[in-house]
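Below you'll find the structure, written out as structure tokens, and then a few comments.
The values are calculated or read from the model by the stated rules, or taken from the named source; none is laboratory data. Nothing here was measured: the structure is a model prediction, and the numbers come from that model. With ideal geometry, Cβ positions are generated from the backbone for all residues, glycine too; neighbour counts draw on all protein chains shown.
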Amino acid sequence: MHERSGIFRTRLVGMAAVLGLGAGMFGCLDRPVAKTTPNLQSGVRIPVVNDAIENVDVLFEVDNSNSMAENQANLARNFNTLIDQLVNPPVNPMTMRPDHPPVKSLHVGIISSDLGTPGSVVPSCANSDTGDDGLLNPIKSGLAIRTHQPWTTAPPGRRPMRCTNDPNQYPSFLTFTSVATGGTPATNATEFRDDFVCNAYLSTGGCGLEQQLESAYRALVVRNPRAVPGNTDANAGFVRDNAVLAIVMVTDEEDGSVRDCRFAEAGVPCTDAVGVFDVLSPDWSSSDLNLRFYMYTPGSRQDPTWPIDRYIDPARPNRGFTSLKPGRPDLVVFSAIAGVPLNLPMRALPSGTSMEVDYDALLGRMPDGSDGYTGASAEGPISMRQRNMDPMCSTRVVPACRREGSAPATTCDSAAQYTAAPSRRIVEVVRRFANGYNNGTLHSVCANDYTPALTQIVERIQERISGRCLPRALEVEPARCADGSSGCQRVNCIVREILPAGMSTSVCTAARGRTPGERYFVTPTAPRDTCIVNQVLVTPGGDPPAGQEGFLYDTRRSASAPDCARHIEFTAGGSPVSGSTAIIECVRVTRVRGWGERADSGAQLALRSEHILHAHALRI
């Protein structure tokens with residue numbers, strides 16, 4: 001914290017998120033808008049509770065089809081990275097303090113990609129109706145995997161000695177406790193790593209028509225995984241309200257989440273597509289069952305999959321995976337180690353100081369995916385295009401990647417060279433999390449080392465825990481200071497203080513740097529009174545003037561966090577009341593020739609990433 005007199009520094013969470021405007025805003029893009037006011041419509045508002053986030057729940061969706069044995073072994077070798085960095089974060093040599101707070105409690109759950117082939121019997125799909133059904137610890141609970149348990153299919157030495165052949169050896173999910181509490185000792189990290197491998201090394205034999213996204217959806221949304229009293233669901237207890245939720249997919253195929261209307265969302269029309277599993281059906285894009293998930297045009301009659309909005313809907317954060325964190329979609333991290341090139345196409349951020357995945361180059365800009373990435377890696381030709389058949393092999397599309405360091409093969413025999421197919425739908429989900437919340441990470445399943453992938457997942461989780469910094473710099477504009485002098489700066493943001501239940505706007509006084517704001521609906525039936533917090537204008541790096549109360553955008557580096565150079569602070573008399581929550585809503589404004597000022601919709605992120613809407617959640 002800054003040691004500046006006259007200021008009570010309350011550190012805010014930079015959890016946040018770069019959020020897109022709703023679809024209803026698209027028609028406004030060509031009309032000038034007025035100067036930003038406290039009535040700013042951000043499309044998404046994120047309240048944050050006062051409690052610090054110290055827990056993490058991680059769901060691994062592990063593809064257990066026949067090509068995945070080496071990838072599962074790779075994950076097992078590198079899992080220590082995730083544990084070590086979360087519970088024993090590295091110490092900053094400048095401050096001699098950990099870079100991030102350690103996680104106190106960690107839940108780790110495993111599911112398979114096998115949801116069966118409803119209505120049809122397909123080789124390798126042991127339970128046609130529901131497969132492993134999104135049940136945590138499928139070794140214990142899955143109906144499909146019980147016919148090919150890991151101890152019957154795994155090569156010798158792959159499973160730690162700690163693993164037994166008892167499917168009931170482990171509960172539905174694993175729990176790691178970094179500190180002893182209430183007589184419960186801290187978890188032994190080495191033993192926990194072995195326990196993870198015992199659960200996550202599902203080996204092979206699973207259905208070759210993988211439904212990766214739907215398996216996670218079945219586990220988290222169709223089922224009730226929440227840790228609430230009285231919950232008797234098979235997945236109960238896994239998802240905690242006071243925890244970051246990370247979803248990690250490890251797969252080498254495209255997502256084949258087929259529309260099965262038994263699991264349709266209430267009020268959302270559904271056309272059943274389970275006929276895609278019938279090899280004799282002429283209704284699909286190929287006579288080859290596997291190619292039916294690569295050769296269709298997205299959104300066409302031959303597309304058998306659920307819409308991506310089912311899993312993440314930018315306009316409706318109370319839908320899909322983000323519904324697990326009501327009002328806090330930024331607490332859901334989505335990562336994929338999947339079928340993508342080893343060297344992803346990258347682009348520089350507007351700041352020019354760092355790079356991000358260029359999803360337009362990777363997936364293409366055309367809705368049909370026909371202009372996706374193609375190239376020649378050291379291992380051979382690669383492609384992320386839809387419907388791009390491999391001219392050397394009549395049973396597959398051009399691979400998205402080939403095993404790192406392998407020699408180019410002249411045959412499509414998988415024994416000659418390992419390849420992974422394009423995971424386009426999974427990448428699209430990652431892109432939405434990345435663009436919406438800065439919470440998506442992507443790495444190639446063809447890599448020999450998953451340490452970088454797991455490290456990036458840890459970084460996203462830690463950003464949601466520590467909250468010391470805003471994840472991106474805010475746009476500032478020159479402004480006159482309170483005394484009339486020049487040199488101050490303003491951000492196009494408002495901060496709303498959402499008051500505790502039962503507290504009125506009588507606390508929204510000028511003495512606290514507040515004015516009454518509109519009511520905020522925590523739920524449709526639970527409105528709260530709010531205050532709009534005044535912005536105190538300061539010179540870059542300067543203190544607020546005496547008598548000015550409210551919030552300020554501070555670009556000074558903190559002695560306790562020298563890597564942090566952008567954060568929101570409250571003045572001494574502007575500190576939020578106990579039990580309140582707060583949000584910051586910011587919109588970047590761009591000048592368009594001939595039109596004056598115009599607010600750009602975050603929905604255009606894919607085309608113009610420099611014009612974005614920020615909505616940052618604050619921990620008080």
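The lone criterion from (1) closer than 26 Å to residue 73 by Cβ; (2) crowded, with 20+ Cβ neighbours inside 10 Å; (3) not assigned by TED's automatic domain parsing to the domain that holds residue 311 left unmet by residue 406 is number (2). Scanning the stretch 231-239 turns up one or more residues that are crowded, with 22+ Cβ neighbours inside 10 Å and not β-branched (Val, Ile, Thr).
The single residue among 328, 310 that is basic (Lys, Arg) and at pLDDT 95 or above turns out to be 310.
When 177, 164, 204 are screened for being surrounded by fewer than 16 Cβ atoms within 10 Å (Cβ to Cβ) and out of contact with any Gly (no Cβ under 9 Å at 6 or more places or on another chain), only 164 passes.
Restricting to the stretch 494-540, and then to whatever is in a helix (DSSP H, G or I) and hydroxyl-bearing (Ser, Thr, Tyr), can you tell me which residue is surrounded by the most Cβ atoms within 10 Å (Cβ to Cβ)? So, considering only residues that are in a helix (DSSP H, G or I) and hydroxyl-bearing (Ser, Thr, Tyr), the one surrounded by the most Cβ atoms within 10 Å (Cβ to Cβ) is 505. Looking only at residues that are more than 22 Å from residue 136 (Cβ to Cβ) and outside any loop (DSSP other than H, G, I, E, B) in the stretch 155-192, which one is modelled with the lowest pLDDT? Ranking the candidates gives 181 first.
How many residues does the stretch 251-273 hold that are touching a strand residue (DSSP E or B) at 6+ places or on another chain (Cβ under 6 Å) and either without any contact (Cβ under 8 Å) to a residue 60 or more places away in the chain or not in a loop (DSSP other than H, G, I, E, B) (or both)?
Number of matching residues: 1.
The rows are residues; the columns are (1) touching a Cys at 6+ places or on another chain (Cβ under 9 Å); (2) at pLDDT below 95; (3) not in a loop (DSSP other than H, G, I, E, B).
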| position | (1), (2), (3) |
| --- | --- |
| 375 | no, no, yes |
| 386 | no, no, no |
| 399 | yes, no, no |
| 404 | yes, no, no |
| 412 | yes, yes, no |
| 415 | no, yes, no |
| 425 | no, no, yes |
| 428 | no, no, yes |
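Being farther than 24 Å from residue 220 by Cβ and at pLDDT 95 or above is a property that holds for residue 148. All told, residue 352 meets the bar of being at pLDDT below 95 and surrounded by fewer than 23 Cβ atoms within 10 Å (Cβ to Cβ).
The residues listed here are 347, 316; of these, the one that is surrounded by fewer than 18 Cβ atoms within 10 Å (Cβ to Cβ), touching a strand residue (DSSP E or B) at 6+ places or on another chain (Cβ under 7 Å) and of a type in the set (Lys, Arg) is 347.
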